[in-house]
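*Asks:* Right, I'll just put the structure down here and ask away after.
The values are calculated or read from the model by the stated rules, or taken from the named source; none is laboratory data. Here the structure is a predicted model, which is why all the values come from computation and not from measurement. We place every Cβ from the backbone using ideal geometry, glycine too, and count neighbours over all the protein chains shown.
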Amino acid sequence: MIQVNAGTLIKSSATMNDTNFINTVVFICETDTEGAWGVVLNKQSPRVFNELVEFQASIPFPLNIGGPMEQEKLFFIHSRPDIIDGGKRITDSIYWGGNFEEAVKYINLGILSENDVRFYLGYCGWDKSQLESEIEEGSWIPCTYSNDIVFSNSIDTLWENIS
């Protein structure tokens with residue numbers, strides 16, 4: 001069976017029949033004995049960060065649709081552990097979570113940009129061995145990538161350009 005780990009990048013195959021994931025690229029943030037979860041990299045929300053009631057005082061900042069699960073919750077990944085404390089390491093330079101208030105502060109100060117941090121409404125989740133089974137059946141394709149792909153501004157063409 002295929003092994004999926006944190007930091008794995010997958011894209012939906014052309015035969016994907018789940019409408020939530022057609023032409024989708026997902027970055028796996030964590031795997032454990034219960035399954036895996038990740039965020040969709042190439043679906044931007046029509047809303048921006050400061051449209052959320054609790055962040056109206058913030059600057060406009062893009063929001064992304066992380067997946068169909070818990071879309072009322074906000075998640076984030078970043079590449080700046082030097083200024084955002086408490087993040088969990090995914091790869092050598094990508095972290096999920098951490099001190100959310102620090103992230104917002106540094107965005108508002110212009111120190112962090114989309115190249116450093118991404119906010120996601122919701123996430124994708126799979127039960128134990130479910131994702132590996134979906135890869136083996138051909139719904140998902142594991143991809144090779146460089147870390148800069150995760151913070152790419154070319155989200156409209158990401159699915160087509162990754163293999």
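*Asks:* Is there a residue in the range 14-30 that is of a type in the set (D, E, K, R) and either under 21 Å from Asn147 (Cα atoms) or over 15 Å from the mean Cα position of the chain (by Cα) (or both)?
*Replies:* yes
*Asks:* Further question: Examine the range 122-137 for a residue that is touching a Gly at 6+ places or on another chain (Cβ under 8 Å), at negative phi and among the charged types (D, E, K, R), and state whether such a residue exists.
*Replies:* Yes, that holds for at least one residue.
*Asks:* Suppose we filter the range 9-42 for residues that are among the hydrophobic types (A, V, I, L, M, F, W, C), buried (at least 18 other Cβ atoms within 10 Å of the Cβ) and out of contact with any Ser or Thr (no Cβ under 7 Å at 6 or more places or on another chain); how many remain?
*Replies:* Restricting attention to the range 9-42, the residues satisfying the condition of being among the hydrophobic types (A, V, I, L, M, F, W, C) are 9-10, 14, 16, 21-22, 25-29, 36-37, 39-41.
Within this subset, residues satisfying the condition of being buried (at least 18 other Cβ atoms within 10 Å of the Cβ) are 9-10, 16, 21, 25-29, 36-37, 39-41.
After this cut, where a residue has to be out of contact with any Ser or Thr (no Cβ under 7 Å at 6 or more places or on another chain) as well, the list is 9-10, 25-27, 29, 36-37, 39, 41.
Counting residues in the range 9-42 that are among the hydrophobic types (A, V, I, L, M, F, W, C), buried (at least 18 other Cβ atoms within 10 Å of the Cβ) and out of contact with any Ser or Thr (no Cβ under 7 Å at 6 or more places or on another chain) gives 10.
*Asks:* In this structure, does Glu160 turn out to be in a helix (DSSP H, G or I), modelled with pLDDT under 95 and more than 13 Å from the chain's Cα centre (by Cα)?
*Replies:* So Glu160 passes the test.
*Asks:* Right, here's the next one. Quick check on my filter: what residues within the range 134-157 are hydroxyl-bearing (Ser, Thr, Tyr) and at pLDDT below 95?
*Replies:* Answer for the range 134-157, where residues must be hydroxyl-bearing (Ser, Thr, Tyr) and at pLDDT below 95: Thr144, Tyr145, Ser146, Ser152, Ser154, Thr157.
*Asks:* Of the residues that make up the range 43-64, is at least one touching a Gly at 6+ places or on another chain (Cβ under 8 Å), of a type in the set (A, V, I, L, M, F, W, C) and surrounded by 16 or more Cβ atoms within 10 Å (Cβ to Cβ)?
*Replies:* no
*Asks:* Still on this model: What are the residues in the range 81-93 that are in contact (Cβ under 8 Å) with a residue 12 or more places away in the chain, out of contact with any strand residue (DSSP E or B) (no Cβ under 7 Å at 6 or more places or on another chain) and charged (D, E, K, R), if any?
*Replies:* Answer for the range 81-93, where residues must be in contact (Cβ under 8 Å) with a residue 12 or more places away in the chain, out of contact with any strand residue (DSSP E or B) (no Cβ under 7 Å at 6 or more places or on another chain) and charged (D, E, K, R): Asp85, Asp92.
*Asks:* Please name all residue pairs, on different chains or six or more residues apart, with Cβ atoms under 6 Å, provided the first residue is in the range 94-109 and is acidic (Asp, Glu) and the second residue is part of a loop (DSSP other than H, G, I, E, B) and buried (at least 16 other Cβ atoms within 10 Å of the Cβ).
*Replies:* Pairs that qualify, where the first residue is acidic (Asp, Glu) and the partner is part of a loop (DSSP other than H, G, I, E, B) and buried (at least 16 other Cβ atoms within 10 Å of the Cβ), are Glu102/Ile84.
*Asks:* Does any residue of the range 139-158 turn out to be closer than 24 Å to Asp32 by Cα and of a type in the set (Asp, Glu)?
*Replies:* No: zero hits.
*Asks:* Additional query: Can you find even one residue in the range 118-137 that is in contact with an Asp or Glu (Cβ under 8 Å, 6 or more places away or on another chain), more than 17 Å from Phe21 (Cβ to Cβ) and surrounded by fewer than 15 Cβ atoms within 10 Å (Cβ to Cβ)?
*Replies:* Looking for residues that are in contact with an Asp or Glu (Cβ under 8 Å, 6 or more places away or on another chain), more than 17 Å from Phe21 (Cβ to Cβ) and surrounded by fewer than 15 Cβ atoms within 10 Å (Cβ to Cβ), one finds at least one in the range 118-137, hence yes.
*Asks:* Kindly indicate which of Leu74, Leu63, Leu109 is aliphatic (A, V, I, L, M), farther than 17 Å from Trp37 by Cα and in contact with a Leu (Cβ under 8 Å, 6 or more places away or on another chain). Can you show your working first?
*Replies:* Details: Leu74 fails: farther than 17 Å from Trp37 by Cα; Leu109 fails: in contact with a Leu (Cβ under 8 Å, 6 or more places away or on another chain).
It is Leu63.
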